[in-house]
Amino acid sequence: MPTASLNIDQLLDTLETEIRQHMGARKLDNPLMIGIHSGGAWIAKTLHQRLAIAEPLGLLDITFYRDDFSQIGMHPNVKSSQLPRHLEGRNIILVDDVFYTGRTIRAALNEIFDYGRPNQVLLAVLIERNGRQIPIQPDCRGARIDLPEGQRIKLTGPEPLGIDVQTIPCAA
């Protein structure tokens, strides 16, 4: 899908439809939705309302669970995770904005498992892009795009939500 045609409302509609289909097929009764700070939390807040999920929205900050500090740098703006004390046996919908290498999701799963072993996790992302490095992939997505090397996609927001394709400066 060309990046020029990325419409946030259409992506959210597609993602919502896919989540509803998977919730039915996988019998996700009374799921807990968790958004990954910060873009995933913005998307999760919107989806949480659209899907009328009864459980409060969970928020996850995976900063201390990342394995790529040397590449991305340490983020000084750490937010607290807001999750129930026990996730044992729960059905979880994990939401992020952009799925790229898989490292963010790996870190999120590690943190979730520190709270207990969920029954199942449904992974929903607004955009999946090329570049996967870890054998994890989304169950639901708003769109899948291919970006050339040296470009990245970033969600802007939270109000209004937007999508920005950026060129990464080369290190000299």
So, first residue on the phi > 0 side of the Ramachandran plot in region 122-149, second residue among the aromatic types (Phe, Trp, Tyr), Cβ within less than 9 Å, six or more apart or across chains; the pairs are GLY131/TYR100
Collect the residues in region 114-130 that are out of contact with any Asp or Glu (no Cβ under 9 Å at 6 or more places or on another chain) and either modelled with pLDDT of 95 or more or surrounded by 19 or more Cβ atoms within 10 Å (Cβ to Cβ) (or both), keeping them in residue-number order. GLN120, GLU128
Please work out if GLY157 is in contact with a helix residue (DSSP H, G or I) (Cβ under 7 Å, 6 or more places away or on another chain) and at pLDDT below 95. yes
Does region 111-121 hold any residues that are at positive phi and among the hydrophobic types (A, V, I, L, M, F, W, C), and which are they? none
Which fully enclosed strands (runs of 3 or more DSSP E) of region 87-172 have 3 or more residues being farther than 21 Å from MET23 by Cα? 151-156, 162-167
Members of region 29-53 that are modelled with pLDDT of 95 or more and assigned to a loop (DSSP other than H, G, I, E, B): PRO31, LEU51, ALA52, ILE53
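Yes/no matrix, rows are residues, columns are (1) loosely packed, with under 14 Cβ neighbours inside 10 Å; (2) not aliphatic (A, V, I, L, M):
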residue: ILE8; (1), (2): no, no
residue: GLU18; (1), (2): no, yes
residue: ASN30; (1), (2): yes, yes
residue: MET33; (1), (2): no, no
residue: ILE36; (1), (2): no, no
residue: ALA41; (1), (2): no, no
residue: THR46; (1), (2): no, yes
residue: LEU51; (1), (2): no, no
residue: ALA54; (1), (2): yes, no
Filter region 87-113 down to the residues that are of a type in the set (D, E, K, R) and touching a helix residue (DSSP H, G or I) at 6+ places or on another chain (Cβ under 6 Å), then identify the one that is modelled with the lowest pLDDT. GLU111
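The values are calculated or read from the model by the stated rules, or taken from the named source; none is laboratory data. This is a predicted model, so every value here is computed, not measured. We place every Cβ from the backbone using ideal geometry, glycine too, and count neighbours over all the protein chains shown.
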